[in-house]
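Okay, so here's the structure we're looking at.
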Amino acid sequence: MGKIESSCIIDDDPIAIYGIKKSMKEIDFCNTVVVYKNGQDAIDGLNNMVAEGIALPSIILLDLNMPIMDGWEFLDDFIKIPNNNTKAVTIYIISSSIDPRDVIKAQDYSLVSNYILKPIKSADLLRLLSDGSNY
Amino acid sequence: MDTLTRTITIEEAPIAIATLDNNLCFINCSTPWQQEFISPDKEIFGKSFFDVVPSTPRLFRSVLENSFSIDDNIVEEQKHIMPDGSNKWYQWSIKPWKETDGTIGGLIITCTNITKIKRAKDLLIAAENVAKMGGWDLDMITNTIHWSRITKEIHEVPLDYVPCLETGINFYKEGEHREKITELIQKAITKGEEWDIELQIVTAKGKELWVRAKGMPEFVNGKCVRLYGIFQDIDKKKKAEIKNAQIKERLDLATEVANIGIWEYNLLKDELEWNDEMFPLFGVKRKDFKGNFESWKATVHPDDLERCLQEFDMAVSGIKDFKTEFRIVHPDGTVKHIKANAGIFKDDEGKIIKMVGTNWDITEVVNTQLKLNKSEESFQGSFKSSAVGMALVAKDGSWLDVNETLCLSLGYSRKELLQLSFQDITHPQDLEKDLSQLQRLLDGKVNSYQLEKRYFHKKGTIVYVVLTVTAVKDIEGNISHFISQVVDITAKIEAQKKSEEFLELTKSQNNSLLNFAHIVSHNLRSHSSNLSMLSNYLIEEQGEIEKREIETMIVNASESLNETVAHLNEVVQISTEAEGQLQAVCLNEIVKNVEKNISALLQQKKVECQISIDQSIKVKGIHAYLDSVLLNLFTNSVKYSSPNRIPKISIQATKSGNFIILNFRDNGLGINLERHGKKLFGMYKTFHQHEDSKGIGLFITKNQIEAMNGKIEVESAVDKGTLFRITLVAA
C-alpha cells in the first residue's frame with residue numbers, strides 16, 4: 001500500500017507538527033493532513049467528520065502530553081465515536097517520553113498500533129505505510 | 001433378904017434401870033444408869049430423881065398427875081437438853097412397883113439412850129428429802145403398796161393416793177421402760193433377784209421423769225411375801241448424764257476425726273498423760289512413751305525447743321497462756337507443725353499443779369500458708385517491680401491498688417489513681433468495648449480478656465495500652481476483683497505513627513522524584529528532540545526563507561527548554577530551601593496582602609472577595625511560599641472564572657487540632673475531577689482552553705505547600721466552582 005488519502009496529527013507542540021509535516025511532504029505520505037492541538041479538539045473534529053459523512057483519516061499520530069485532554073483521554077473517548085469506520089483507523093502514539101511506563105501503558109490499548117519516539121523522521125512514516133500494507 | 005436379893009439384881013442389870021420410892025428418890029440403880037447420869041463414884045441413893053436427871057421426862061408429869069395410878073408400863077421418847085447444852089434423846093419406860101401389901105411402893109424406870117438412832121433416822125429423812133428419794137413397800141399377800149411421801153411427790157399424786165401393783169407399774173413409760181420393770185418384778189418374785197435400774201415414768205401430771213428404782217424381794221418358806229425398795233428422782237442428773245454422754249461422744253469423735261491430741265501434765269509428780277490421738281500425732285509408740293516432761297521435750301524440734309520451754313515457764317508462772325505453735329520431729333525424721341493450747345489448774349493455795357492441753361497437726365495449714373505467702377510475696381514482688389503496669393480493680397471499676405509503672409504511664413500519683421475508676425480515664429470511644437468485655441467476664445463467659453484501648457494521661461494526652469484483665473475468684477468461686485495488666489504501647493504507637501508519617505513523606509518524595517523523572521524524560525526531551533530535529537532541518541534546508549523559519553523555531557525551542565529548566569530549578573529549590581525556614585505566619589495578613597497586591601485585577605474582573613480569617617490564626621510556613629500559593633489561587637480563580645456570573649471568592653480558615661484548614665472557594669468554571677483529578681497538580685497539565693494555561697501554577701503550589709508540611713486537596717463541580725482545601729500546621 002502506498003500513499004494514503006488522509007492522516008491526522010494530534011499534538012500541541014508546533015515544532016513537532018512542523019517536523020512531522022515536513023517529513024510527510026518528503027515521502028508524499030498522504031494527500032491531506034488534519035492537525036488538532038489537543039485531544040478535545042481532535043474528538044470534536046472527528047465527531048464532526050462522522051456527522052458530515054467524511055471518511056476518518058486512516059492514520060492518526062497521537063501525542064500523549066497535551067493540555068485540556070491528553071492522549072490517553074483521547075483514546076478513551078475515541079472508542080465512543082459512533083462509527084464503524086473507527087476500526088479502519090490506525091493510531092500511532094508519538095511521544096518524546098522515554099518513560100517505560102508510557103510505553104507499557106500504550107500496549108494496553110488495542111487501538112494503538114505502535115509507539116513512536118519523537119522526533120518523527122521520514123523513515124518512521126515509511127514504516128507506517130508498509131505496516132499498513134500488511135494490514 | 002428379899003430386898004437384898006432384889007437390890008443386887010437391879011445393880012447388875014445390863015441396862016440403865018433405877019427404882020424410886022414414892023418421893024421419887026432413888027432406892028437403887030444399875031451401873032449403866034449410874035454411868036449415864038452421874039459419876040460412878042458418887043452416891044445416888046436417896047437423891048431426888050429431879051436432881052439427877054437434867055430435865056424431867058414429860059412422862060413423870062402424867063405419872064404424878066395420876067398419883068402413880070398407871071396400869072402398865074408407859075414408854076416415851078424425849079429430847080433432853082443437857083447442862084452443857086448438848087441434846088440427848090432418851091426412851092423412857094416407867095412402871096410402878098408394889099409393896100407386898102399391894103400398895104404402890106414407887107417406880108421402876110428404865111432409860112435407853114437413843115440419841116444415835118434418833119439422829120440416824122433424822123438424817124435419813126433429811127437425806128430422803130434432799131436426794132428426792134422415796135421408799136415403797138409391797139405386801140404380796142394383801143397386794144397393798146405403801147409409798148412414802150417422797151415417792152408420792154415424785155409420782156405427783158396426792159398424799160392420800162393409794163396405789164396397787166398394777167397402777168404402780170403403769171406409771172412407767174409405755175414401751176421398753178414398762179416392759180423392763182415388769183420383767184424385773186417378775187424375776188424378783190420368781191427368782192428372788194434384786195433390781196436397781198434407771199427408767200422413765202410418766203407422772204400423774206403427765207411429766208416424763210427419769211427415776212432410779214431399786215427393789216428387793218423378801219422370801220418366807222420359798223415364797224415371795226414382800227417387795228420393798230427405794231424410788232429416786234434422778235431426772236436432772238440423768239438428763240445431764242445423757243447430755244454429757246452426747247457431748248463426750250461428740251468430743252471423742254471430734255478429737256479422733258480431727259486428730260486432736262489431748263494431754264494432761266501433773267507438775268508435782270512429773271506425770272504426762274496422752275490420749276490415743278497423741279501417739280500417732282507425735283509418731284511415738286505407746287510402749288516407748290515414758291509419760292513425763294522429758295518424753296514431750298524429746299519430740300520438739302531443736303530450733304523451737306528453747307522458745308517452747310520459755311513459753312511453758314511463762315504459762316506455769318501465770319504470765320501468759322500456753323498458746324503456741326512448734327515443730328516436732330518424728331523418730332523417722334519427719335517434721336510436723338503442731339499447734340498447742342493449754343489451761344492450768346491450781347490447788348487451794350493457788351499453786352499451779354496441772355496443765356491440760358490440746359495438740360493438733362497444722363503441717364498442711366502451715367505449708368499451705370507458706371506456699372501462699374510465697375506466691376503472695378512473688379505476686380507482690382512482681383506487682384511492685386513489674387515493667388508492665390498492673391492494677392487490682394474492684395468490680396465497680398475503682399482501682400484497689402496500682403503499681404509504680406501504671407502510675408508512670410498515666411501520670412497520676414498512686415493516691416490520685418486510687419480515687420478514680422478506670423472508667424474515669426478511659427477514652428470515651430474505647431469505654432464501651434472495655435465494659436462489654438468486662439460484662440462477659442462478670443457473666444463467667446470468659447476468664448480473662450485482652451484489648452487495645454486508650455487512656456487519658458493526667459496531662460490530657462492519649463496513652464495507648466494493651467490491657468489484659470483476669471478475674472480473681474474468692475473461696476466460693478465468686479469474682480472478688482480483677483487483675484489488670486496494662487502494657488503501655490504509646491511509644492510504639494507514636495513510633496508507628498511517625499514511621500507512617502515518614503512513609504507518607506517518603507511516598508510523596510518518591511512521587512515527586514517520579515514526577516521529576518517524568519518531567520525530565522518527557523518535557524526536557526521534547527525540547528531536546530525538537531532542537532535536534534530543527535538543527536538537522538537547518539543543515540539540510542536550502543531555501544533562505546525556510547531557514548529563517550527554522551531558526552526562529554530553534555530560538556523558541558531553546559527558550560522553552562530554558563523555561564522548563566527554570567521551572568525545574570524552582571521546584572528543586574522549593575524542596576531544598578524550605579527546610580528549617582518555617583516560621584509562625586499570620587494567615588490573615590498574608591491573604592489580605594495578596595488581595596491588595598492584585599486588587600487592580602480583581603477590580604477589573606469585578607470579583608467579589610470575602611475573607612474571614614481570625615487574626616489569631618498562625619501557621620508554620622514560609623512567607624514567600626504562602627504569598628505564591630495564594631497569588632496562584634487568586635489568579636487561577638480569576639483566570640477560570642465563569643463569564644456567565646459575577647466571580648466570587650470566599651476564603652476562610654479554621655483550626656482543627658494541630659492544623660489550620662484554609663478553604664479557598666470560587667464560583668468559576670470548575671474542573672472535571674473525574675477526568676483530571678489525578679493530573680491536577682502535575683507539571684504542564686492544563687485543563688482549560690486558555691492562552692495563559694501553562695500547567696505550572698498548581699504544580700508549584702503543591703510543592704510549596706508540601707514543603708511547609710501541608711497538603712492541598714480539591715473539590716470541584718464543572719461550571720459550579722472549585723474549592724481548594726489547604727491544610728497547614730498551626731504555629
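Some points to look at:
- Per the listing B:E193, B:E273, B:E264, B:E218, the residue uniquely open to solvent by 30 Å² or more (accessible area, probe 1.4 Å), touching a helix residue (DSSP H, G or I) at 6+ places or on another chain (Cβ under 6 Å) and modelled with pLDDT of 85 or more is B:E193.
- Only one entry of A:I98, A:I20, A:I15 meets the criterion of being of a type in the set (A, V, I, L, M, F, W, C) and either at pLDDT 90 or above or more than 30 Å from B:E546 (Cβ to Cβ) (or both), and that entry is A:I20.
- Top-ranked residue in region A:8-17 [being β-branched (V, I, T) and free of Cβ contacts under 8 Å to residues at least 40 places away in the same chain; ranked as nearest to the other protein chains (Cβ to nearest Cβ)]: A:I15
- The lone exception for B:I230 - which of (1) within 30 Å of B:K79 (Cα to Cα); (2) surrounded by fewer than 19 Cβ atoms within 10 Å (Cβ to Cβ) it fails: (2)
- Test: B:I613 is open to solvent by less than 70 Å² (accessible area, probe 1.4 Å) and either away from every other protein chain (no Cβ under 14 Å) or of a type in the set (V, I, T) (or both): yes
- Checklist (1) crowded, with 17+ Cβ neighbours inside 10 Å; (2) modelled with pLDDT under 90 applied to B:F326, failing item: (2)
- Segments classed as strands (runs of 3 or more DSSP E), wholly inside region A:48-135, with at least 1 members that are within 14 Å of another protein chain (Cβ to nearest Cβ): A:90-95, A:112-117
- Residue ID - nearest to the other protein chains (Cβ to nearest Cβ), chosen from residues in region B:487-519 that are within 17 Å of B:F681 (Cα to Cα) and either of a type in the set (F, W, Y) or in contact with a Leu (Cβ under 9 Å, 6 or more places away or on another chain) (or both): B:I519
- Test: residue in region B:556-579 that is exposed (fewer than 12 other Cβ atoms within 10 Å of the Cβ), within 13 Å of chain A (Cβ to nearest Cβ) and at pLDDT 85 or above: yes
- Every pair of residues 6+ apart whose Cβ atoms lie under 8 Å, when the first sits in region B:288-313 and is open to solvent by 30 Å² or more (accessible area, probe 1.4 Å) while the second is of a type in the set (D, E): B:N292/B:D270; B:N292/B:E271; B:F293/B:D270
- Residues (open to solvent by 60 Å² or more (accessible area, probe 1.4 Å) and closer than 20 Å to B:E325 by Cα) located in region B:341-360: B:I344, B:W360
- Residue within region B:492-499 that is under 60 Å from the mean Cα position of the chain (by Cα) and open to solvent by less than 30 Å² (accessible area, probe 1.4 Å) present: yes
- Any helices (runs of 4 or more DSSP H) falling wholly within region B:133-211 and containing at least 2 residues that are touching a strand residue (DSSP E or B) at 6+ places or on another chain (Cβ under 7 Å) and in contact (Cβ under 8 Å) with a residue 60 or more places away in the chain: B:149-155
- Failed condition for B:E128, given (1) assigned to a helix (DSSP H, G or I); (2) in contact with a Pro (Cβ under 8 Å, 6 or more places away or on another chain): (2)
- Verdict on B:I70 being open to solvent by less than 40 Å² (accessible area, probe 1.4 Å), at pLDDT below 75, of a type outside the set (G, A, S) and outside any strand (DSSP E or B): yes
- Close pairs from region B:393-419: first closer than 18 Å to B:K459 by Cβ, partner assigned to a loop (DSSP other than H, G, I, E, B) and open to solvent by 90 Å² or more (accessible area, probe 1.4 Å), Cβ under 8 Å, at least 6 apart: B:T405/B:A387; B:L410/B:K458; B:G411/B:K458; B:G411/B:K459; B:Y412/B:K458; B:E416/B:K458
- Close Cβ contacts (under 7 Å, 6 or more residues apart or on different chains) running from residues in region A:18-41 that are within 9 Å of another protein chain (Cβ to nearest Cβ) to residues that are crowded, with 17+ Cβ neighbours inside 10 Å and among the acidic types (D, E) comprise A:N38/A:D12.
- The combined condition, being β-branched (V, I, T) and more than 21 Å from the chain's Cα centre (by Cα), is fulfilled by B:V466.
- Criterion: of a type in the set (A, V, I, L, M, F, W, C), in contact with a Phe, Trp or Tyr (Cβ under 8 Å, 6 or more places away or on another chain) and at pLDDT below 85 - qualifying residue of A:I81, A:I68, A:I60, A:I91: A:I68
- Filter result for the condition that a residue is open to solvent by 80 Å² or more (accessible area, probe 1.4 Å) and in a helix (DSSP H, G or I), over B:L531, B:L524, B:L538, B:L503: B:L503
- B:S512 at pLDDT below 80, more than 60 Å from the chain's Cα centre (by Cα), surrounded by 12 or more Cβ atoms within 10 Å (Cβ to Cβ) and outside any strand (DSSP E or B): yes
- Looking across B:A258, B:A254, one residue alone is out of contact with any strand residue (DSSP E or B) (no Cβ under 9 Å at 6 or more places or on another chain), closer than 23 Å to B:T324 by Cβ and open to solvent by less than 70 Å² (accessible area, probe 1.4 Å). It is B:A254.
- Unique residue being touching a residue at least 40 places away in the same chain (Cβ under 8 Å), open to solvent by 70 Å² or more (accessible area, probe 1.4 Å) and not aromatic (F, W, Y) when the list is A:L62, A:L126: A:L126
- Residue tally, condition of a type in the set (D, E) and part of a loop (DSSP other than H, G, I, E, B), over region B:438-468: 1
- Apart from one condition, B:H676 fits all of (1) within 14 Å of chain A (Cβ to nearest Cβ); (2) open to solvent by 20 Å² or more (accessible area, probe 1.4 Å); the exception is (2).
- Of all the criteria given as (1) in contact with a strand residue (DSSP E or B) (Cβ under 6 Å, 6 or more places away or on another chain); (2) assigned to a loop (DSSP other than H, G, I, E, B), the one not satisfied by B:K269 is (1).
The values are calculated or read from the model by the stated rules, or taken from the named source; none is laboratory data. Predicted, not measured: the structure shown is a model, and the values here were computed from it. Cβ coordinates were reconstructed from backbone atoms using ideal geometry, including for glycine residues, and neighbour counts include every protein chain displayed. When the accessible area is computed, the model is the full protein with side chains, heavy atoms only, and any ligands, DNA or RNA have been set aside. Shrake-Rupley method; radii C 1.70, N 1.55, O 1.52, S 1.80 Å.
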